[in-house]
Amino acid sequence: MQVRPLGAQIGVEIEGVDVRKLDDAGFARIYRAWLDHNVAVIPGQDLTIEQFLTYSRRFGVVRPHPSKMTRHPEIPEITMLGVNKFGADGQLDMAIYRRGAEGWHTDGAYDEEPFKATQLYALAVPSTGGNTLFASMYAAYNALPSRLKEKLEGRLGAFTYGGRRKATALLNPEDRQWTPVFHPIIRTHPETKRKALYFDPGKIVSIEGFSEQESDDLIEELTGYMIQPDAEYHHKWRKGDIVIWDNRCSYHRAAGDYPPHEDRIHWRVSIKER
Ligand SMILES: O=C(O)CCC(=O)C(=O)O
Ligand SMILES: [Fe+2]
């Protein structure tokens, strides 16, 4: 097993691994590297859905995603990315094609207990474009001026699926009502104990304890701190890659720029602490 950092502050690649035949000591090395680098890439895997799920469950509890229309028809824990891109009328469905590409975000902030991790397995990759971009929330926190750190310490953000824009196209109509949940904006990672800027401009509704105007201004200001120099990693996919990211300490987005008539297909799981 070779463990190689990818970016200065985020990303690690682990080569020489077959995740179907990994003992506890081998898995512990991957898990540690992932905690230390926020995003772990394991290339060259050849998996069935069951093998992907079995491996994913070593990280936590795999939960079905609220977007029912993009779930695998028989296996609700698997979300299919890039499938059914074209509607019956032949039109490109932008919600599917641009899923995750509308902005930097963290997955599952709309849940009482946000997703610990998201893991993707690449089945088909386009000839160009279609990268996934990652950035460190630790770096974002570290970059905040002390005035902002003090102002936000102990403050809660209110989050929903779709946030202020109510972007809910991938949800069934009966699933579009969300009650806000609250998370500290400055969140201590439960395992690394490091502080991170836990924030998502597309899901946050408000920051508690401020007027609506102040809260909107703060949201705009924080958006400007999310991405820091040297704290990004851009993943160019190869078929057979597994990539897992830690939603408690990283932001991500899809580049969303690949030729729409080419396939870009992943299996995706949402992993929770419990
Ligand atoms: O397709 C991608 O590159 C990532 C999409 C995304 O945001 C997600 O799967 O959570
Ligand atoms: Fe995402």
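The values are calculated or read from the model by the stated rules, or taken from the named source; none is laboratory data. Quick caveat, the model's predicted, so the values are computed rather than measured. Note that we place each Cβ from the backbone using ideal geometry, even for glycine, and neighbour counts take in every protein chain shown. The area values use the complete protein model at the heavy-atom level, side chains included, leaving out ligands, DNA and RNA. Shrake-Rupley method; radii C 1.70, N 1.55, O 1.52, S 1.80 Å.
Got at least one residue in the stretch 108-117 being within 12 Å of ligand 1 (Cβ to nearest atom), open to solvent by 50 Å² or more (accessible area, probe 1.4 Å) and either in contact (Cβ under 8 Å) with a residue 24 or more places away in the chain or over 21 Å from Phe59 (Cα atoms) (or both)?
For the stretch 108-117, residues within 12 Å of ligand 1 (Cβ to nearest atom), open to solvent by 50 Å² or more (accessible area, probe 1.4 Å) and either in contact (Cβ under 8 Å) with a residue 24 or more places away in the chain or over 21 Å from Phe59 (Cα atoms) (or both): absent.
Condition test on Ala95, is it assigned to a helix (DSSP H, G or I) and either within 14 Å of ligand 2 (Cβ to nearest atom) or open to solvent by 10 Å² or more (accessible area, probe 1.4 Å) (or both)?
For Ala95, the condition - assigned to a helix (DSSP H, G or I) and either within 14 Å of ligand 2 (Cβ to nearest atom) or open to solvent by 10 Å² or more (accessible area, probe 1.4 Å) (or both) - is met.
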**Request:** Check the stretch 70-83 and report whether any residue there is among the acidic types (Asp, Glu), within 12 Å of ligand 2 (Cβ to nearest atom), open to solvent by less than 50 Å² (accessible area, probe 1.4 Å) and touching a strand residue (DSSP E or B) at 6+ places or on another chain (Cβ under 7 Å).
**Result:** no
**Prompt:** Restricting to the stretch 199-254, what's the tally of residues that are β-branched (Val, Ile, Thr), assigned to a strand (DSSP E or B) and either out of contact with any Lys or Arg (no Cβ under 7 Å at 6 or more places or on another chain) or at pLDDT below 95 (or both)?
**Reply:** 4
**Message:** For the stretch 238-271, give me each residue that is more than 15 Å from ligand 2 (Cβ to nearest atom), open to solvent by 10 Å² or more (accessible area, probe 1.4 Å) and more than 21 Å from Gly87 (Cα to Cα).
**Reply:** Arg238, Lys239
**Message:** When the residues of the stretch 161-190 are narrowed to those that are touching a residue at least 60 places away in the same chain (Cβ under 8 Å) and in contact with a helix residue (DSSP H, G or I) (Cβ under 6 Å, 6 or more places away or on another chain), which ends up farthest from Gly82 (Cα to Cα)?
**Reply:** Asn172
**Complete:** Checked the stretch 126-151 for anything part of a helix (DSSP H, G or I) and touching a strand residue (DSSP E or B) at 6+ places or on another chain (Cβ under 6 Å); matches are Met137, Tyr138, Ala140, Tyr141
**Single match in Glu214, Glu232 (criterion: away from ligand 2 (no atom under 16 Å from the Cβ) and open to solvent by 50 Å² or more (accessible area, probe 1.4 Å))** = Glu214
**Request:** Would you please name the residue that is farthest from His65 (Cα to Cα), looking only at residues in the stretch 255-274 that are part of a strand (DSSP E or B) and not polar (S, T, N, Q)?
**Result:** Ile265
**Message:** On the basis of being part of a loop (DSSP other than H, G, I, E, B) and in contact (Cβ under 8 Å) with a residue 40 or more places away in the chain, does Gly154 make the cut?
**Reply:** no
**Fill in**
From the option list Tyr258, Tyr251, Tyr233, single residue qualifying as out of contact with any strand residue (DSSP E or B) (no Cβ under 6 Å at 6 or more places or on another chain) and under 30 Å from Pro126 (Cα atoms) is Tyr258
**Asked** Does any residue in the stretch 23-39 that is open to solvent by less than 20 Å² (accessible area, probe 1.4 Å) come within less than 7 Å, Cβ to Cβ, of a residue that is among the hydroxyl-bearing types (Ser, Thr, Tyr) six or more places away or on a different chain, and which pairs are these?
**Response** Leu35/Thr192; Asn38/Ser136; Asn38/Ser250; Val39/Tyr233; Val39/Ser250
